[in-house]
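Visitor: Supplied in structure tokens, the structure appears directly below.
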There are 2 protein chains.
Amino acid sequence: MTSEPAPPAPAVPTRPIAILGGTGPAGTGLALRWARAQESIIIGSRDPQRARDVAAVIRGKVGFGALVSGMENSAACAAADILMLTVPFDGQAALLKQLKPAITEGSILIDATVPLAASVGGRASRTLGVWQGSAAQQAAELVPKGVSVVAAFHNISAELLNEDSPLDCDVIVCSDDPDAAQLTRELAAKIPGVRAIDGGKLENARTVEQITALLIGLNIRHKGHAGIRITGLPPEAYR
Amino acid sequence: MTSEPAPPAPAVPTRPIAILGGTGPAGTGLALRWARAQESIIIGSRDPQRARDVAAVIRGKVGFGALVSGMENSAACAAADILMLTVPFDGQAALLKQLKPAITEGSILIDATVPLAASVGGRASRTLGVWQGSAAQQAAELVPKGVSVVAAFHNISAELLNEDSPLDCDVIVCSDDPDAAQLTRELAAKIPGVRAIDGGKLENARTVEQITALLIGLNIRHKGHAGIRITGLPPEAYR
């Protein structure tokens, strides 16, 4: 019996990730890190030309083999079944209502929205109360039936994501769909330096979202790019 | 000119710390750690005999030179001007109303209360809404004029405090009184392994309090003693 050579890696992974509102710093940072991890990325934007321009910049940073394209948000939704939402809170509900017809059943929506008071002219270190409990729970009300919502990536510095060094933070992942949560934790763990932690049900997103406002306050006060690490858990909690 | 020997350390520090509701795990843990750091501690309890018994146990753990006594809560208040409040949320307001006449002007009240839904029979991984915004802000409404309230020590594991190893967590300190906040950060930093971080105004306690509920959820889910570390800040932020 002879050993056969391993088959070549597929040129295009089967599940592209559409980053909706993906031209902002959180979106480009996640795109950059995931493209480097060989994920296939679609940058979504209201303006398809802007999406393509940003995609080209990211491809340039990642180099040969980068799978990053740009599309209008609805087209990006239709072309992917992992949707990453990185928009300011004041744009979240309107965008989800607009995209609803384009989101396919079985998709996963990963929401990183934080209801900062800055959305209504207040401080970025304060949050608004959301009737459903959290921005993620609001998102869950707005997506089509059969779409799972996961809350994650709120507490990761967009500035540091756009740089080259490993991060030094944990990503707490909350969802009522264990499979969607696990897939999201796997995506988080592809970012160097990030550990993913199961944060339980989607309702726990309300605290995770508020932590971002606290971190923004720390950034303003101490001039940093704050993140969090959870200590004191057994090793198997981080995955 | 000859050098004189340094004066001996004072046998009794000038500012004892009264730990109100100090017979619970958070209170005994803080008492143990601070007594080991040569702080003078008064355990306060409704039951003075119980306070004395707990004080004796802590003296036994700390060993020779430990300055730990026990008193009824009001007497503890009158004997100290640093007051550490470690009671369940359902006891906080009533205790502060009762102690109001005993709290002297110029005192500092450090509040670690978390408005867990468990206070009203709900889950310890959920919080209640507090009209004032946070348990700490409720405390600020209930103390006599001229008493500063500081929110701190919410996110530190009571179980680990009662053990001997260094902790692995940060304590976020929030107050509208910068001097009281600094004193509290110095007390936090006396606990081995703890870094203290200026979390800004007292209103930010609402997020710090809620983090505890998130950590309790993580403890239940992952069987640990979770704490948090803040990453990404310059070294001078930790003090």
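Visitor: Find the residue count for region A:179-211, including only residues that are open to solvent by 10 Å² or more (accessible area, probe 1.4 Å), at the interface with chain B (Cβ under 9 Å from one of its Cβ atoms) and either of a type in the set (D, E) or part of a helix (DSSP H, G or I) (or both).
Guide: Residues in region A:179-211 being open to solvent by 10 Å² or more (accessible area, probe 1.4 Å), at the interface with chain B (Cβ under 9 Å from one of its Cβ atoms) and either of a type in the set (D, E) or part of a helix (DSSP H, G or I) (or both): 6 in total.
Visitor: On to the next question. In region B:220-239, how many are more than 7 Å from chain A (Cβ to nearest Cβ) and closer than 21 Å to B:A151 by Cβ?
Guide: Within region B:220-239, residues that are more than 7 Å from chain A (Cβ to nearest Cβ) and closer than 21 Å to B:A151 by Cβ number 2.
Visitor: Quick check on region A:105-127: of everything there that is farther than 14 Å from A:A205 by Cβ and within 13 Å of another protein chain (Cβ to nearest Cβ), which residue is most open to solvent (accessible area, probe 1.4 Å)?
Guide: A:R123
Visitor: Name the residues in region A:118-140 that are outside any loop (DSSP other than H, G, I, E, B) and either without any contact (Cβ under 8 Å) to a residue 60 or more places away in the chain or within 23 Å of A:N73 (Cα to Cα) (or both), would you?
Guide: If the condition is that a residue be outside any loop (DSSP other than H, G, I, E, B) and either without any contact (Cβ under 8 Å) to a residue 60 or more places away in the chain or within 23 Å of A:N73 (Cα to Cα) (or both), then A:A118, A:S119, A:V120, A:A135, A:A136, A:Q137, A:Q138, A:A139, A:A140 are the ones that fit.
Visitor: Working carefully through the options A:C169, A:C77, A:C174, find the one that is modelled with pLDDT of 95 or more, touching a helix residue (DSSP H, G or I) at 6+ places or on another chain (Cβ under 7 Å) and closer than 19 Å to A:D198 by Cα.
Guide: None of the others qualify; the one that does is A:C174.
Visitor: Considering only region B:83-116, how many residues are in contact with a Lys or Arg (Cβ under 8 Å, 6 or more places away or on another chain) and either without any contact (Cβ under 8 Å) to a residue 60 or more places away in the chain or farther than 26 Å from B:L214 by Cβ (or both)?
Guide: Adding up the residues that qualify gives 1.
Visitor: Would you pick out the residues in region B:167-178 that are touching a Leu at 6+ places or on another chain (Cβ under 9 Å) and either touching a residue at least 60 places away in the same chain (Cβ under 8 Å) or part of a loop (DSSP other than H, G, I, E, B) (or both)?
Guide: Within region B:167-178, B:L167, B:D168, B:C169, B:D176, B:D177 qualify.
Visitor: Exactly one condition in (1) within 17 Å of A:S107 (Cβ to Cβ); (2) surrounded by fewer than 19 Cβ atoms within 10 Å (Cβ to Cβ); (3) of a type outside the set (D, E, K, R) is not met by A:V147; state its number.
Guide: If we test A:V147 against (1) within 17 Å of A:S107 (Cβ to Cβ); (2) surrounded by fewer than 19 Cβ atoms within 10 Å (Cβ to Cβ); (3) of a type outside the set (D, E, K, R), just (2) comes out false.
Visitor: Here is a follow-up. Quick check: anything in region A:154-174 β-branched (V, I, T), more than 8 Å from chain B (Cβ to nearest Cβ) and open to solvent by 10 Å² or more (accessible area, probe 1.4 Å)?
Guide: yes
Visitor: Within region B:212-233, work out how many residues are over 14 Å from A:G200 (Cβ atoms) and assigned to a helix (DSSP H, G or I).
Guide: Counting residues in region B:212-233 that are over 14 Å from A:G200 (Cβ atoms) and assigned to a helix (DSSP H, G or I) gives 1.
Visitor: Follow-up. Can you name the number of the only condition in (1) crowded, with 24+ Cβ neighbours inside 10 Å; (2) out of contact with any Lys or Arg (no Cβ under 6 Å at 6 or more places or on another chain); (3) closer than 27 Å to A:T231 by Cβ that B:S134 fails?
Guide: Exception for B:S134: condition (2).
Visitor: A further question follows. Report the residue count in region B:212-231 for those that are open to solvent by 10 Å² or more (accessible area, probe 1.4 Å) and within 17 Å of the chain's Cα centre (by Cα).
Guide: So the count comes out to 1.
The values are calculated or read from the model by the stated rules, or taken from the named source; none is laboratory data. Since this is a predicted model, take the numbers as computed values, not measurements. Counting neighbours? That spans all protein chains shown, and the Cβs are built from the backbone with ideal geometry, glycine included. To get the accessible areas, we keep the full protein, side chains included, count just its heavy atoms, and leave off ligands, DNA and RNA. Shrake-Rupley method; radii C 1.70, N 1.55, O 1.52, S 1.80 Å.
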